[in-house]
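Worksheet: the structure to be examined is printed underneath.
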Amino acid sequence: MKEKLNNIMEQASQEINNVTTYSDLEAVRVKYLGKKGLITGILRGMANLDANERPVIGRLANTVRNNIEDLISQKRQIIRNMEMEKRLKEETIDVTLPAKGGVLGGKHPLTLVLDEIKDIFIGMGFEIAEGPEVEYDYYNFEALNIPKDHPARDVQDTFYINENILLRTQTSPVQIRTMEKNRPPIRIIVPGRVYRSDEVDATHSPIFHQIEGLVVDRGITMGNLKGVLEVLARKLFGNNIETKFRPHHFPFTEPSAEMDVSCVVCGGEGCRVCSNTGWIEVLGAGMVHPKVLSICNIDPEVYSGFAFGMGLDRITMLKYEIDDVRLLFDNDIRFLQQF
């Protein structure tokens with residue numbers, strides 16, 4: 001039995017010395033020290049020894065076990081050091097090599113168009129205003145001359161948080177907040193995200209972007225509104241663009257209109273994009289309703305104003321001839337790199 005233990009010690013020492021990986025070292029450990037290992041087998045066989053031999057063999061078996069454990073622990077540290085040295089060699093950086101140029105990102109197409117529109121309006125004396133996306137029903141509807149029983153609410157599928165709080169369906173509430181806090185003259189645009197419960201498809205999204213505009217002062221007329229919007233259209237789409245205004249109805253403006261521009265794809269000849277009409281609707285506008293001015297404590301007998309609202313996503317799609325609004329939200333780098 002002593003000879004067998006000595007042979008096990010010698011054999012284990014050789015095998016441990018030859019291993020180079022953690023997995024091989026673990027296999028050696030299991031072979032000699034595992035539940036079915038060689039040392040365990042000898043300890044189980046001690047029941048067949050004489051009473052005088054058992055303590056001697058027991059001590060020798062424990063010594064061999066401890067020695068093998070020490071050898072395994074030492075080898076584990078050696079393997080760890082070897083792997084660390086190998087890793088350091090592989091990860092060595094040659095500081096004398098020329099640096100790789102960094103890849104700069106670019107602006108999202110929505111941001112590009114928004115910046116352009118901001119520049120156009122700032123050049124005409126407008127300021128940028130912002131407001132909360134989680135809004136009170138009062139500011140989103142009632143103060144804009146849309147009471148609770150108004151049919152206009154039926155065409156706006158609204159995300160309600162509770163009876164009085166919602167995700168804004170338009171950026172128009174910022175008009176009310178601005179007129180409450182400021183006296184005329186007022187000249188602002190309001191870009192921002194808005195939310196409506198729409199199904200996602202090529203032309204609809206539950207999250208989209210609007211740019212609202214508001215001017216309030218003495219003597220503001222429909223002619224001022226048309227002039228501002230014609231400047232916007234030509235700056236955005238080129239000097240050859242044509243515009244036309246069609247009567248429409250919005251609860252918060254009177255009179256109201258929608259503005260069309262000649263198709264930016266076919267130049268007014270008629271194509272699939274403009275449904276062969278030669279015209280594309282781009283925004284709604286009108287003179288601020290006297291009730292809206294009165295709600296904000298602005299005397300409609302003294303002041304008048306105009307307001308307009310456009311979809312930033314739609315303007316961007318027209319400007320860059322994008323045919324699916326989902327491309328603006330997918331964040332596909334292949335698409336975004338084109339801008």
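Remarks
- In summary, helices (runs of 4 or more DSSP H) completely within segment 22-98 and bearing 1 or more residues that are closer than 23 Å to Gln11 by Cα and aromatic (Phe, Trp, Tyr) occur at 22-33.
- Residue match in segment 178-188 (condition: over 25 Å from Thr111 (Cα atoms), without any contact (Cβ under 8 Å) to a residue 40 or more places away in the chain, touching an Asp or Glu at 6+ places or on another chain (Cβ under 9 Å) and in the same structural domain as Asp324 (by TED's automatic domain parsing)): yes
- The listed residue being assigned to a loop (DSSP other than H, G, I, E, B), among the polar types (S, T, N, Q) and in the same structural domain as Met179 (by TED's automatic domain parsing), out of Asn239, Asn224: Asn239
- Among the residues of segment 142-176, those that are assigned to a helix (DSSP H, G or I) and buried (at least 16 other Cβ atoms within 10 Å of the Cβ) comprise Ala143, Leu144, Arg153, Pro173, Val174, Gln175, Ile176.
- Candidate set from segment 250-274 (those that are within 35 Å of the chain's Cα centre (by Cα) and assigned to a strand (DSSP E or B)); member that is farthest from Arg153 (Cα to Cα): Ser262
Residue-by-condition table, conditions (1) among the β-branched types (Val, Ile, Thr); (2) loosely packed, with under 15 Cβ neighbours inside 10 Å; (3) over 20 Å from Val215 (Cβ atoms); (4) in contact with a helix residue (DSSP H, G or I) (Cβ under 8 Å, 6 or more places away or on another chain):
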residue	(1), (2), (3), (4)
Lys244	no, yes, yes, no
Cys271	no, yes, yes, no
Asn276	no, yes, yes, no
Ile298	yes, no, no, yes
Tyr320	no, no, yes, yes
Arg334	no, yes, yes, no
Gln337	no, yes, yes, no
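- When segment 1-16 is filtered for residues that are of a type outside the set (D, E, K, R) and surrounded by 11 or more Cβ atoms within 10 Å (Cβ to Cβ), the ones remaining, listed by number, are Met1, Leu5, Asn6, Asn7, Ile8, Met9, Gln11, Ala12, Ser13, Ile16.
- If you filter segment 153-184 down to residues that are among the hydrophobic types (A, V, I, L, M, F, W, C) and over 20 Å from Ile207 (Cα atoms), you find that the one that is nearest to the chain's Cα centre (by Cα) is Ile176.
- Qualifying residue in segment 91-100 (condition: within 30 Å of Gln210 (Cβ to Cβ), out of contact with any Gly (no Cβ under 6 Å at 6 or more places or on another chain) and of a type in the set (A, V, I, L, M, F, W, C)): no
- Residue among Leu71, Leu60, Leu144, Leu112 that alone is out of contact with any Leu (no Cβ under 6 Å at 6 or more places or on another chain) and farther than 30 Å from Ile176 by Cβ: Leu71
- The requirement of being under 47 Å from the mean Cα position of the chain (by Cα) and modelled with pLDDT under 80 is satisfied by Asp94.
- Residues (of a type in the set (A, V, I, L, M, F, W, C), surrounded by 18 or more Cβ atoms within 10 Å (Cβ to Cβ) and at pLDDT 75 or above) located in segment 26-45: Val28, Leu38, Ile39
- Selected residue (criterion: surrounded by the most Cβ atoms within 10 Å (Cβ to Cβ)) from residues of segment 108-141 that are touching a strand residue (DSSP E or B) at 6+ places or on another chain (Cβ under 9 Å) and in a helix (DSSP H, G or I): Asn140
- Here the helices (runs of 4 or more DSSP H) wholly within segment 275-339 that include at least 2 residues being more than 33 Å from the chain's Cα centre (by Cα) and not hydrophobic (A, V, I, L, M, F, W, C) are 290-295.
The values are calculated or read from the model by the stated rules, or taken from the named source; none is laboratory data. This one's a predicted model, so the numbers in the text were calculated from it and none came from an experiment. In this analysis, Cβ positions are derived from the backbone assuming ideal geometry, glycine residues included, and neighbour counts consider all displayed protein chains.
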